[in-house]
Amino acid sequence: MAYAEDAERETLHHPKSFWTKYVWSQDHKVIAIQYSLTAIFAGLVALVLSALMRMQIGFPGALEFIDQNAYYQFMTMHGMIMVIYLLTALFLGGFGNYLIPLMCGARDMVFPFLNMLSYWFYLLSVIILMSSFFVPGGPTGAGWTLYPPQSISAGTPGTEWGIVLMMISLAVFIVAATMGGLNYVTTVLQARTHGMSLFRLPLTVWGIFIATVLALLAFPALFVSAIMLLFDKLLGTSFFMPAMVSMGQTLDYNGGSPILFQHLFWFFGHPEVYIVALPAFGLVSDLISTHARKPIFGYKMMVWAIVAIGVLSFVVWAHHMYVSGMNPYFGFFFATTTLVIAVPTALKVYNWVLTLFRGDIHLTVPMLFALAFILTFLNGGLTGLFLGNVAVDLPLSDTYFVVAHFHMVMGVAPILVVFGSIYHWYPKITGRMLNDTIGRLHFWITFIGTYTIYFPMHYLGFLGMPRRYYAYEDYDFIPQSAHDLNSFITVVALIVGVSQLLFLFNLFYSYFKGKPAGGNPWKATSLEWLTPQTPPAHGNWGEKLPVVHRWAYDYSVPGVAEDYVPQTVPESEAPIHDKGI
Amino acid sequence: MNVSAPQHHPNFDEGWDDPAIAARRKKTALQVMLAVITALFFLFTIAFLIRAQYPDYESLAAPWQPLANPWLLWVNSGILLLASLSFHWAVVSARSENINATRDGLYLAGFFTVMFLISQLWLWQQLIALGYYVNSNPANSFFYLFTGLHGLHLLAGLFLWLKTLREARGGLPLSLLQSSVALCATYWHFLFVVWLLLFSLIVGDQATFRAIAAFCGF
Ligand code: HEM
Ligand SMILES: [Cu+2]
């Protein structure tokens, strides 16, 4: 603690050079931007990969370099990057880093040095992952679930280097996420400003906080499976690898349990869905409340729903394994828990809708994205109820119905929140508004486009079109109309993909040319809008920490002239909407 | 980005970073970290219990196996216990404001920890010399995995220890030193308990694991 850390503090709060200010920075806001830009870069790679896959599905053979191996490699990298390196990193490392200290009224994360390390480990994990494109044999094509034995057996692309780099990269990512997570949790618990009780925190903080707890407890499962698989691959152990004959040769493996890997993987994998979803829930609650100028409906219920979802998410994992075979009672148990978790989730959707009900809805770009999120998430959630039931899941498993379901619920829905949130907080981060016209264009293309891509996939799934196939020609049960539909989906996917350039252009253009935003362009109540400077300076609050007198949702308080009351306004100046909080 | 930083040292206003608060934050962080490590070893234990039920599992402590008489493991456990006790002594000394004794306690704790690690490595070497490689049997695989990971956690702990030692030698205010030493001690006690768990998994026999697994329903 002593001297070394005093030195750290010096660099933290009086950054002298470009390097300490923007590169080796310990300021949570700079780290947040570093995390976000890196995640967006990774996301663009994954987006390009999805376009290439869609080309192969919609126009088989049109791009000659996509052979079976390449398809599986693109698919695997796409899935893993989207889930881990884009969404998880962006929500926790990006939004978490930026918003937690500001919304709690803290000067920074409590351990700035660790926070910086977290980013650099994350960057390292991305570099390791991307380097697998350039090694002999290329990246792994095992599917993002990495199931052994195929993930490390001959015949799967990338078993030489790709799979090893993938697992090392994941291990490094987990270390990064843990260092970040320690900071987020401790900051929320121990660094809130005066008057900021837990139940006065904006739901954004709650969502990210509980998601971080999930990450801290679920990532170890991925870590365990990655380490043990790495042992099997590199040291010839048989944790997961059964006795096997591969290409006519008996392998040295003996007696391992592939199902064990699946349990470990999904013990991580299902909470992972909520690691992505809970921050999205939190952020979107704040978007809706702010732009509908109404207190969030059922604040405490929303908090408890987040907590309940977090707890339940640890007891549903085997709904991903119905087709792997299990004791029928287990199937019953996991189907039941899966349906139970739908209750707090549905409750959140009702509360968002009730918040909108008779609100003064401003159809700003963030609000458009928030509304689109509700629709998309609802759709994906409903198909989840289908897949949660064993008897319904068996025929639908591994079809495009599943692809449609998870893209809706954890692909598109969170991405819509990411966009909405960037349009919402960009003015605070840069001091300028994003261009509204480009924003609306981007929104409509993305929203209608993604629906057009994924809605028909439910139907393809009912037809029985299997997922994770490289070529769909010459199957009797797939009619010509399905192929036409696939071509159509591909065209739309390409349009949606290219239209993201609008967004990138907007980010870049508005940074220099955007309308100056002022400190609080949306007339919002939470602390980050009340910083003395915009963008907030080092230490965030100038001389004095803010003092909080109320929750974050005092919009349209009766008898108050303005339609919002910031959290720092004392009760003597404006009544408090919800005294219970 | 705007850079009009506040003029005075922003960390020291309104208790944002006074020593008591800093200590509390570190304590919270340690508790969270221990929860994470618990999750990690819990999952390893589950994986072990599942894998150990397969017929090819052959415990290293079976009568014909090298650890049939696990005296070396007991010795190592004793060394680690001494490290833990030394930390405890350091905590007590720091509390009674005896800097010298605190420092000695820290030195001893570090010494026993390094001893433990060396002794574990020596055990590895013994087993390898006897032909018990990491891939010869799942029991061996788990043995190397468990001892290795546990050792890595101790190694990471030694960084904390080094920092605390530097503080003790550099004359840090006693209240701060007390909290640093206490945090280290907690971590070591925790890793000692983890070691006992791993020890029992290494020497336990298959029938017991089957019974536990059956009891838990898998
Ligand atoms: C417009 C954007 C996107 C398009 C066009 C797209 C397209 C695809 C395609 C064609 C596949 C392969 C399906 C198969 O062959 O079975 C796939 C798989 C996948 N995608 Fe996306 N995707 C997009 C966005 C996302 C996002 C945002 C996520 C974040 C969660 C995501 C997560 C996944 C996952 C986890 C897989 C499964 C990979 C595997 O089977 O191993 N995708 N996507
Ligand atoms: Cu799930």
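Bear in mind these aren't lab numbers, they're just calculated from the coordinates by the rules spelled out. This structure is a prediction, so every number in the text was calculated from the model and none was measured. Heads up, the Cβs are rebuilt from the backbone with ideal geometry, glycines too, and the neighbour counts pull from every protein chain shown.
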Exercise. Over all pairs of distinct alpha carbons, what does the Kirkwood formula give as the hydrodynamic radius of the range B:135-218, in Å?
Worked result: 15.4 Å
Exercise. What Kirkwood hydrodynamic radius do you get for the range A:527-581 when you take the inverse of the mean 1/r over all pairs of distinct Cα atoms, in Å?
Worked result: 12.3 Å
Problem set entry | Order of A:Tyr509, A:Tyr555 under a 10 Å beta carbon neighbour criterion, fewest first | A:Tyr509, A:Tyr555
Exercise. So what is the relative contact order of the range A:527-581, in percent, for Cα pairs below 8 Å that sit 6 or more residues apart?
Worked result: 32 percent
For this session: Any chance you could check the Cα centroid distance between the range A:211-252 and the range A:423-448 for me, in angstrom?
Result: 43 Å
Problem set entry | Surface/4 of the Cα convex hull for chain B, nm² | 17.1 nm²
Seminar exercise, completed: Listed by chain and number, the lysines with an alpha carbon less than 17 angstrom from that of A:Lys515, same-chain partners under 8 positions apart left out, are A:Lys428, A:Lys523
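State, as an integer percentage, the relative contact order of chain A based on alpha-carbon contacts under 8 Å between residues 6 or more apart. Write out the running numbers ahead of the final one.
Values: 965 pairs, mean separation 88.4, N = 581.
About 15 percent, as a whole number.
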For this session: Name the long-range amide H neighbours of A:Arg432: under 5 Å, sequence gap of 5 or more, or other chain; modelled H, no Pro or chain starts.
Result: A:Ala517
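How long are the semi-axes of the equivalent ellipsoid of the range B:33-118, defined as square roots of 5 times the Cα gyration tensor eigenvalues? Whole Å, largest first.
Sorted largest first and rounded, they come to 36, 19, 8 Å.
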Exercise. Out of every Cα pair in the range A:87-241, what percent are spaced more than 28 Å from each other?
Worked result: 32 percent
For this session: Using only Cα positions of the range A:241-286, each an equal point scatterer, no hydration layer, compute I(q)/I(0) via Debye at q = 0.19, 0.21, 0.30, 0.33 Å⁻¹ and quote the log10 values to two decimals.
Result: -0.69, -0.75, -0.96, -1.03
Exercise. How big, on average over all directions, is the shadow cast by the Cα convex hull of the range A:165-235, in nm²?
Worked result: 5.2 nm²
Seminar exercise, completed: Mean per-residue count of partner chain Cβ within 10 Å for B:130-137 equals 3
For this session: Calculate, axis by axis, the spread of Cα positions in chain A along the three principal axes, and write the results as whole Å, longest axis first.
Result: 80, 57, 50
Exercise. Nearest 10 degrees, 0 to 90: what angle lies between the long axis of helix B:71-95 and the longest principal axis of chain B (Cα atoms)?
Worked result: 10 degrees
For this session: Could you please rank A:Trp144, A:Trp24, A:Trp352, placing first whichever residue has the fewest other Cβ atoms within 10 Å of its Cβ?
Result: A:Trp24, A:Trp144, A:Trp352
For this session: Relative to the longest principal axis of the C-alpha atoms of chain B, give the angle of the C-alpha long axis of helix B:206-216, reported between 0 and 90° and rounded to the nearest 10°.
Result: 60 degrees
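Using only the Cα atoms, work out Rg/Rh for the range A:276-411, with Rh taken as the Kirkwood radius, to two decimals.
Rg/Rh: 1.03.
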Exercise. Once the Cα atoms of the range B:73-181 are picked out, what are the Rg and Dmax in Å?
Worked result: 16.9, 53
Exercise. Roughly how large, in nm² to one decimal, is the mean projection of the convex hull of the alpha-carbon atoms in the range A:277-517?
Worked result: 14.6 nm²
Exercise. Cα centroid distance between the range A:118-140 and the range A:271-342, in Å?
Worked result: 31 Å
Seminar exercise, completed: With the label point 7 Å along the Cα-to-beta-carbon line of A:Ala342 and a cut-off under 18 Å to each amide N, the hits in the range A:308-322 are A:309-310, A:312-322
Exercise. Taking N as the number of residues in the range A:253-316, what is its alpha-carbon radius of gyration divided by 2.2 N^0.38 Å?
Worked result: 1.64
Exercise. Which far-off residues, 5 or more places away or on another chain, put their amide H under 5 Å from the one on A:Ser246, with H placed in the peptide plane?
Worked result: A:Leu251
Seminar exercise, completed: For the range A:63-111, the Kirkwood Rh over every pair of distinct alpha carbons, in Å, works out to 13.2 Å
For this session: Just round it to a whole percent: the fraction of Cα-Cα distances in the range A:293-338 exceeding 13 Å.
Result: 62 percent
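Grab the alpha carbons of the range A:183-321, take their convex hull, and tell me the volume per residue in Å³.
Hull volume over Cα atoms, normalised by residue count, gives 137 Å³.
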